[in-house]
Amino acid sequence: MTLMTRWMVALLMVLMVLALPVVASAQKMTTLRVGDQIGSELDYGPYWIAVEKGYFKEEGITTVRKTYPNGPATLLDYNKGELDAVMAGLGPFLQAASQGSDYVIVSSITKGNAPLVARPEIKAAKDLNGKRVGTPGLGTIHDTMLTLYEREHGIKVEHVSAKITDLVAMLEKGEVQGVLCWETVAATTVRAVKGAHYLAPLPVIPGAESLEVIISRKIAQGQPEVALGFTRALLKGMRYIDKHEDAALAIIAKAMNVPDAIELARLAKNQVKVTDPYMEPKSSQIIYQSLLETKKITTERVKGYDDFTQRFVDYSFLKKAEESLKGWEPKK
Amino acid sequence: MGAEEVADVLGVATAAPVPREAGRRRSLRVLLHNAAAALAVLAAWQAATFIVHSVFFPSPWQVARAFVDLALNGDVAGHTLLTHMAWSMARLAAGFLMGVVLGVPLGLLMGLYRPLYAGTRAALEPFRFIPPIAWIPLTIVLLSGFPRYVFLIWLGAFFPIFVATLVGVPRVEPIHKNVAKVHGAGRWYILRKVVVPSVLPDILGGMRVGMGTAWMTIVAAEMSGGETTGLGRMMVNYAELIRIPEIVVGMILIGVLGFAMNELLLRIERRLFRWRWEVTL
Amino acid sequence: MRAGGEKVVVDVTQRFGDLVVLDHLRFSIAANEFVCVLGKSGCGKTTVANLLAGLLPCSEGTVTIDGVPTDPRRHELAFVFQEPSLWPWRTVRDNIRIGLEIKRVPTPELERRVAEMIELVGLRGFEAYYPYQISGGMKQRVAIARAFAVDADLILMDEPFAALDEQTRHGMQAEVLRIWERKKTTVVFVTHNLEEAIYLAERIIVLTEKPARIKASLDVELPRPRDYAHPGFIALRKRLGELMGSAW
């Protein structure tokens, strides 16, 4: 080697050594693959706020979002190991646990979110008796909410499953007379179908549990700091929505990326509550019972609701996050 | 002079019918072989569950249990297994029948009047290459319920039947037509008594292919939503509940029913075409 | 030429595009006459047969039967082709009835004639067999039965035994004569085989090579059944050989 070459090599090695800390600190960013559903930006508002305001980045987390037609589809991919975190309905989570899936619920994220939209000729619950109501899938929380609605009003309807994006067309054609699905799809339906209205904007159980956030047990046990960071970012998102609702709606509308997004979001926000991180126990139990009765779950692996909460719900990350965020004020 | 030549000179038929007992013995042997093959598949499946060892890979035993439960108690939504099967088959039958009713006459027409075919080819052929599944989003918006399925099935069945008929017509032996012509037959007679019998094997071959495509379409169509019954729908419902054994039950039933229908068509073919000694697959 | 009237009159020049296949071909055939059209392969003999049968329109001239241009619908025609022409999806019996079926012969008469022909060609017991189950010779016998089953004005045979082996061929030639003698029909038999022509024909029309004209028309006055070793047979064979050997 010539002298010139030797100096070049030495310089290169020095640069590499100096670069190591930079690389090391860059590697401190963890990537989390997060699964959610189509048209659910409002329901998972805290997540979107956290992305937009950089709350995840502050925790050293980069999120990669994967979207699915409904909760059960999201969980199918989760079971394969394709996702690290999932946001979906309580129903799908209970069903998955019943079939041997493993995860940790770190936070609840949505309450309500079970609006029933009906065609103009359906004026009251009894008008729906014997008719067809569309849901995003047999395994969704909304299908279960429909069952509870039937029970409450003493009616019987035919549950018609379809892709969430097809429900609007089906209601318009009269193929179904009602649709029970998540926001903002329900709002879209009300605006798109002439004469359609919210027959039941709120679920039969007030403040009913709807959607949760899970992290894989592997991360919860192996990388608890990541689980904590993820939870904290979501919590920040919730606080932001609480304090700056209008700004939050604007951010969510931007994420929705559809025409009239802000109007849809405003129409939809009354049907969902996204600022409470704790699961509502009464409605959760009722949901569990309903799933058991309709044979969607069995007690083979999960012995009861208490067994479920013991094994699958872990508020420790939430508690630590709340502790560390005492006095934290969200900046607009 | 060998036996064959003697037979030829005397003009005696050389094809001897198979004696009954030998035939029965052979079909018994075939049955036993098939049973052994099925058992081998089951054994491999069971072995695979030991290797893969996932909660989501069911064993033959789990699937069998799920089948019994479904057969006796119906599914989660309250429909019996028979209901699901009957609905899938009914949709298939309706669409398939439409495929035959439209495909055969159109194929004959286009086959006999080449200019008609040549003149419409560019406009119509591209449709053949759109898989029925690609039509599903459009049909969800434009059609509802039973007609939607019939249309999708018809798409799957029509083209194979139409093309098989179309292609078979020019392959009718001119000498067969000449026999009729010499004796003074008109076009209608030749169509009914020469063209159709000649093309019938091709038509039935096309029907079997069409049946296969149609059956696969019905499953995809039912999965896409809108109806509460059907094997495809049943499978998706259980997929939502992450109940894999029931999904596998659905798959097996779909395979068995498809196989049964294919066999039925094959039997019909064999009966109708006793005059051919080539075996069709 | 036999005195018996002119049942079939041919006067054609046949072209395929620019190619002249038959050049002012003129001859006639008497009723119930057995005529052989003899010529080398490719000389246009098959074209003659197709014209007579009405399968080909005349480009110039006419082919008439009983004074009327050949028309399969008006006339009762039949054709025994060189290749097997049986309908594979029909049994032997159902193949024989084709001509009768097309001409709408009433069922009792139809059945009677089919049964008669089956006997005549010696296929009793094989009525329900399909073509794939019988030999080449048997197939031609069915074709012959089909041709003679109708009361034909004219039967064409275009080298029907060319694909068969010699033994079978001789047998079939004897059969054809036997049936012809029973049914008394006008037959035009096309061949390139000299012995066959002499064995079968009452009269042999020799064609030249393309464009074909009539080289000669020879009456065959040998006693039946014809003996290949008969001096008359041998002499005629030599004569035909000379006629065939020289081109026009």
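The values are calculated or read from the model by the stated rules, or taken from the named source; none is laboratory data. Bear in mind that the values here come from a model prediction, so they are computed numbers and not experimental data. Reconstructed Cβ throughout: ideal geometry from the backbone, glycine too, with neighbour counts over all protein chains shown. Protein only, heavy atoms only, side chains kept; ligands, DNA and RNA dropped before computing areas. Shrake-Rupley method; radii C 1.70, N 1.55, O 1.52, S 1.80 Å.
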Roughly how crowded by other chains is peptide B:233-245, in terms of the mean Cβ count from those chains within 10 Å of each of its Cβ atoms?
-> 6
Here the stretch A:65-81 yields Karplus 3J(HN,Hα) values (6.51, -1.76, 1.60; θ = phi - 60°; whole Hz; Gly and Pro given as x) of 9, 10, 10, 10, x, 7, x, x, 5, 4, 5, 4, 6, 4, 4, 7, x
Overall Cα dimensions of chain C - principal axes, largest extent first, Å = 50, 42, 34
If amide H atoms are built 1.01 Å from N in the plane of the peptide, which residues on other chains or at least 5 residues away come under 5 Å of the amide H of A:T30?
-> A:I61, A:T62
Go through the stretch B:230-238 residue by residue and turn each phi into a ³J(HN,Hα) via Karplus (6.51, -1.76, 1.60, θ = phi - 60°); whole Hz please, and just put x for glycine and proline.
-> x, 5, x, 5, 4, 5, 5, 4, 6
If N is the residue count of the stretch B:208-281, its Cα Rg over 2.2 N^0.38 Å rounds to 1.41
Protein heavy-atom accessible area occluded, C/B pair - total, 1.4 Å probe, Å² = 2700
If the cut-off is a Cα-Cα distance under 17 Å, which lysines reach A:K28, setting aside same-chain residues fewer than 8 apart in sequence?
-> A:K57
Do the sum for chain C: with -39,500 (n - 2.57) for every DSSP H run of n ≥ 4, divided by all residues, what is the mean residue ellipticity at 222 nm, to the nearest 500 deg cm²/dmol?
-> -10500 deg cm²/dmol
How do A:K111, A:K282 rank by accessible surface area computed with a 1.4 Å probe, from largest to smallest?
-> A:K282, A:K111
Using a Gaussian network for chain A with springs between C-alpha atoms less than 10 Å apart, which of these wobbles most: A:A169, A:A73, A:A261?
-> A:A169
Over all distinct Cα pairs, what is the inverse of the mean 1/r for the stretch C:87-152, reported as the Kirkwood hydrodynamic radius in Å?
-> 11.5
Stokes-Einstein D for the stretch A:83-124, Kirkwood Rh over Cα pairs, 4 °C, 1.567 mPa s (µm²/s) | 99
Measure off 7 Å from each Cα along the Cα-to-Cβ vector at A:A124 and A:R266, then give the distance between these two points in nanometres to one decimal.
-> 3.3
Please find, in a Gaussian network model of chain C (springs between Cα atoms separated by less than 10 Å), the residue of C:P88, C:P160, C:P69 whose mean-square fluctuation is greatest.
-> C:P88
Summing -39500 (n - 2.57) over every DSSP H run of at least 4 in chain B, dividing by its residue total and rounding to the nearest 500, the 222 nm mean residue ellipticity is -25500 deg cm²/dmol
To the nearest µm²/s, what D does Stokes-Einstein give for the stretch B:134-230 at 10 °C and 1.306 mPa s, using the Kirkwood radius over alpha carbon pairs as Rh?
-> 102
Measure of exposure for B:R65: accessible area at 1.4 Å probe, Å² rounded to 10, is 130
What is the mean number of Cβ atoms from other protein chains located within 10 Å of the Cβ atom of each residue in peptide C:125-132, rounded to a whole number?
-> 3
With unit charges on the beta carbon (Lys/Arg positive, Asp/Glu negative), name the residue among B:P115, B:A93, B:W154 whose Cα is farthest towards the positive pole of the charge dipole of the stretch B:58-272.
-> B:P115
Acute angle (nearest 10 degrees) that the helix C:166-183 long axis makes with the longest principal axis of chain C, alpha-carbon atoms | 80
Ranking C:L194, C:L120, C:F161 by how far each Cα lies towards the positive end of the charge dipole of chain C (+1 on Lys and Arg Cβ, -1 on Asp and Glu Cβ), the top one is C:L120
Taking the stretch C:137-248, the equivalent ellipsoid from its C-alpha gyration tensor has semi-axes in Å, biggest first, of 24, 17, 14
Using a Förster distance of 30 Å, the FRET efficiency for B:V68-A:E82 (Cβ separation, nearest 0.05) = 0.35
Largest-first semi-axes in Å of the equivalent ellipsoid built from the Cα gyration tensor of chain A are 41, 23, 18
Full-stretch length increase - C:D71, C:S217 - with 0.36 nm per residue and alpha-carbon distance subtracted = 49.9 nm
Residues B:V52 and A:T299, FRET efficiency given R0 of 30 Å [Cβ-Cβ distance, rounded to 0.05] | 0.70
In debye, nearest 20: dipole of chain A around its Cα centre with unit charges on the Cβ of K, R (+) and D, E (-)?
-> 400
Per-residue SASA entry for A:D246, accessible area with 1.4 Å probe, Å² rounded to 10 | 110
Top of B:G258, B:G119, B:G225 by mean-square fluctuation, Gaussian network on chain B, Cα under 10 Å | B:G119
Roughly to the nearest percent, how much of the accessible area of the protein assembly as shown is carbon and sulfur, given a 1.4 Å probe?
-> 61
Could you state the orientation-averaged shadow area of the convex hull built on the Cα atoms of the stretch A:110-206, in nm² to one decimal?
-> 5.2
Spin-label pair A:T165/C:F16, simplified geometry with 7 Å Cα→Cβ offset, distance in nm | 6.1
Over the alpha-carbon set of the stretch A:237-332, divide Rg by the Kirkwood Rh and report the Rg/Rh ratio to two decimals.
-> 1.09
Amide hydrogen neighbours beyond the local backbone of A:V313, cut-off 5 Å, H modeled = A:I105
Once the mean 1/r over all distinct Cα pairs of the protein assembly as shown is inverted, what Kirkwood radius in angstroms do you read off?
-> 34.6
Computed magnitude of the charge dipole of the stretch A:37-84 (debye, nearest 20; Cβ of K, R +1, Cβ of D, E -1) = 80
Per-residue average of other protein chain Cβ atoms inside 10 Å, peptide A:61-72 -> 1
Shape descriptor, the stretch B:58-272: equivalent ellipsoid semi-axes (Cα gyration tensor, sqrt 5λ, whole Å, largest first) stand at 41, 20, 12
Which residues qualify? For A:T110, with a placed amide H closer than 5 Å and at least 5 residues away or on another chain, they are A:S210, A:L211
Residue by residue through the stretch B:59-71, the couplings from Karplus 6.51 cos²θ - 1.76 cosθ + 1.60 with θ = phi - 60°, in Hz, x for Gly and Pro, are 8, x, 5, 4, 5, 4, 4, 4, 4, 4, 4, 5, 5
Set the Förster radius R0 to 45 Å, insert the Cβ-Cβ distance between A:A250 and A:D306 as r into 1/(1 + (r/R0)^6), and round the FRET efficiency to 0.05.
-> 0.60
